[in-house]
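For reference, the structure discussed in these notes is given below.
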Amino acid sequence: MKIEGYNNLKNIILKLKKGDLEDVPPFFRSKAFSWLLILIFASIITLLATVSLQYVPSGIVEGMIAPRNIKADRNYEITDEEATEKIRGEAIVGILPVYDLEDAVSASIAERIKLAFANARVKYQSQMDLLRARKQKNDLLSEEESEALRNLFAENLGVLPSQAQWKLLLGERLDARSENYLIDLIIKALEKPVIAERVALDAEAANGITVRRKISVDGESSPEIKETTLKDLSHILTTDEARKGIAKIELPNYEFRNPEFASKIKVLAQELIEPNFGLNRLETQKRRDDAALKVKSVVLKVKSGEMIIREGARYEPWHIKVIDGIRNEKSRGMYPLEFIGTFVLVMLFIVFPFYLAERFFRRIRPSKADHILMAFIAISILLIERFYILLAPGLHDAFFFNAPITALHYAIPIAGGAMLLRMYLAPEISMVFALSMSVLSGLLLEADMNFYVYIIMTNLGAVIAVARVDKRSSILKAGLLTGAIGVAAIVGTSMIGFASASMSASFSGMMWGILLSMIGGIACSIYTMLAAPIVESLSGYTSDIKLLELANLNHPLLRELIVRAPGTYHHSHLVGILGEAAAESIGANPLLVRVGAYYHDIGKLKKPQYFIENSKSGENKHEKISPNMSALVISAHVKDGMELALSSGIPKRIADMIPQHHGTRLMSYFYAKAKEGENPDVEKVDEKDFRYPGPKPQTREAAILMLADTVEASVRALKEKGSARIQQTVERSINDIFAESQLDDCELTLQDLHDIAKAFVRILLGIYHQRIEYPKNEEDKNEISIIDENSTRETDSLESSPEEESQSQGS
């Protein structure tokens, strides 16, 4: 049952790869199936990147013994709340309390004094004028009038003067001198900071305070603020101290009628004193809050695979913080969001690069089977990556204990996927796969920018390094070259790190990276050599190494071909030589063309005598049968070749070239012969009966094989093979094929055709070169004639083309 299921899966993949979808169930041909595969693939990668199977103990206390090793399953950044709060507290303590020194206080009191004197003076003057109008002998105010005026004065001043103080003020007639004296007392008293209480201020004596002085500027709506730090707080007065200090103020420029005026008014000034200095609680709290917010959280960084605690060790505070942090991280219930976010990114990195590549680059047209191959390779690499992450701590402790734990990631054979894929698919497809794989691998490792550079460069380097693999050792060389490219990337990023203060880099870390990069390159080679046989057996893809095995002339089909159809065997070798040279000239796969040439005519084994190159007596069997029968016999070798290839296990890349090397070309000789004997009344000759079944060449290599096969047969049919005639025949054969639109489905350009023709002519001139005719007897020893190609040059026009002559003989 297992073998049957394996074979069924293999057959489906082969049919998808071949494009033969008739026998494939409809669901497997639908777009829904393609999207289902993409969703499954993206889900698998997302699970690999997000799922965690880490053991996280609970209920641990300091001093307990760990029953088992605990490692980080991925990168964690755990906030140390205790340490963070401690630093925040220190930051808050470092913010000095803010006190405001208000110059506007003295100005406000002065304004009240001015207003009180002004209003009282006007009222007093009007009352005195009224007394004079009455011509009273006594010009003193009545008690009621005096009391009313005192209350008016107190209403504007904010302080009710005593009877004694009021009599003194009236005695001075509320003049400007009295007003200015009171104002100057207030200004002098409030020159120093005056605070209501010193209790809170004394607590700040050790550290000092921040003083903001608000200075009113004429014409400005908001005061100007000057800020200083004050350490000496001794000169700051309380309200009581400032009031007592007024009694000691001497203003010598003032003289009053009553000598007691100054002392009594000083008492009034004491009552007017207000604090001009106080704690700004809002500003202080704001600054402390800002300072706390600026404090960055203390983060405990734990790298993926890092050993948190070993079995038998005692739990210390650091262990408890880390384990509690990991548990909190896992218990947040955010995994669905993490999964969805990662899934979206994975879908973008899978779909978008290939969509752009297939949209704008003609050569990138992967089949469904190619997509399945890429998916399996990607999953295998990511599984290896995930497994390696679990093993990394053990490897680190056993072999690389001095290396940074993250440096071990350089040894992961991430580039092995691109290396393996390049052995089977075109370089353009492999490049796109390499870029997508780089991002997905970095996502799984939670890599930094330096490691992303390393992954991208090694993936692209692997595609280049394995471009031509003609033996097993070439894979190892490709791995070493990939590792060397990784070394260059590590050295470059490390040098940048040495020069940058924001990046951490060390010389020892760079040296460990170099060593592990080379190990990673060798690991890529090992992965490729182990995975290649599995890919080839399951999917039918063919690598250059497999092609070399098929190029062995001891292959049963080739050994049978040389015995039963020696002319075809010789023809196949010549076609292989021509095709290989042409492929090299345009950058195609020369090995594929050569091996395809060896097997392209194996169908002639069924009826070798009907092909003139295998006729020993020169007999042409087609003279005895009708043109229709000849066409059936000739075209049948394509079908017979496909059947032989399938039964002999010839890979699909080679088998596909058997029908494609003839395309849908017309067997013109037999068609013309049939038209000559056509009787329209009996049966009409149908051109389709004289065409090969096709398809047309789908690849550059298949197209080269078609051109080489036609050119070799045409040149072989020439009676005289001078250089000019060979070149003419080559160009005519290529032009005919191009004119018949046989090359429409491949990607050969006109420049490619020109280079192919030059390669053909060069090889054919080497094969059919001029020779020396040696003398046959002693008399002719001195006569040596050289066959000159100019002496045998033919005319440009011939009765029949070499190609038609070769077709007439069944070549």
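The values are calculated or read from the model by the stated rules, or taken from the named source; none is laboratory data. Everything numeric in this text was worked out from a predicted model, so none of it was measured. Note: ideal-geometry Cβ built from the backbone for every residue, glycine included; neighbour counts use all protein chains shown. Calculation scope for accessible area: heavy atoms of the full protein, side chains included, ligands and nucleic acids excluded. Shrake-Rupley method; radii C 1.70, N 1.55, O 1.52, S 1.80 Å.
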Of all the residues that make up region 472-490, how many are surrounded by fewer than 17 Cβ atoms within 10 Å (Cβ to Cβ) and in contact with a Cys (Cβ under 8 Å, 6 or more places away or on another chain)? 0
From the options L201, L169, L185, residue that is assigned to a helix (DSSP H, G or I), in contact with a Pro (Cβ under 8 Å, 6 or more places away or on another chain) and surrounded by 15 or more Cβ atoms within 10 Å (Cβ to Cβ): L169
So K71 passes all but one of these: (1) open to solvent by less than 60 Å² (accessible area, probe 1.4 Å); (2) in contact with a Gly (Cβ under 8 Å, 6 or more places away or on another chain). Which condition number does it fail? (1)
Only one of I109, I92, I113 that is among the aliphatic types (A, V, I, L, M), open to solvent by 50 Å² or more (accessible area, probe 1.4 Å) and in contact (Cβ under 8 Å) with a residue 24 or more places away in the chain: I92
Selection within region 256-284 - open to solvent by less than 20 Å² (accessible area, probe 1.4 Å) and not in a loop (DSSP other than H, G, I, E, B): F261, I265, L268, A269, L272, F277, T284
Which of the residues belonging to region 339-362 are closer than 19 Å to L445 by Cα and open to solvent by 70 Å² or more (accessible area, probe 1.4 Å)? I340, V344, L345, L348
Is there any pair with a first residue in region 624-647 that is at negative phi and a second that is crowded, with 18+ Cβ neighbours inside 10 Å and among the β-branched types (V, I, T) whose Cβ atoms are under 7 Å apart and which are 6 or more apart or on different chains, and what are they? V638/I658; G641/I602; G641/I658; M642/I658; L644/I602; A645/I602; A645/I654; A645/I658
So, in region 50-67, exactly how many residues are modelled with pLDDT of 80 or more and open to solvent by 70 Å² or more (accessible area, probe 1.4 Å)? 5
Residue in region 638-661 that is open to solvent by 60 Å² or more (accessible area, probe 1.4 Å), more than 30 Å from T749 (Cα to Cα) and among the hydroxyl-bearing types (S, T, Y) present: yes
Region 387-404, residues that are out of contact with any Ser or Thr (no Cβ under 7 Å at 6 or more places or on another chain), part of a helix (DSSP H, G or I) and buried (at least 18 other Cβ atoms within 10 Å of the Cβ): Y388, A392, P393, H396
Pick from A447, A462, A375: which is out of contact with any His (no Cβ under 6 Å at 6 or more places or on another chain), outside any helix (DSSP H, G or I) and in the same structural domain as V491 (by the TED database)? A447
Selection within region 285-341 - of a type in the set (D, E), under 30 Å from I92 (Cβ atoms) and part of a helix (DSSP H, G or I): D289, D290, D324, E329
Quick one: count up the residues across region 704-737 that are outside any loop (DSSP other than H, G, I, E, B), free of Cβ contacts under 8 Å to residues at least 60 places away in the same chain and surrounded by 16 or more Cβ atoms within 10 Å (Cβ to Cβ). 6
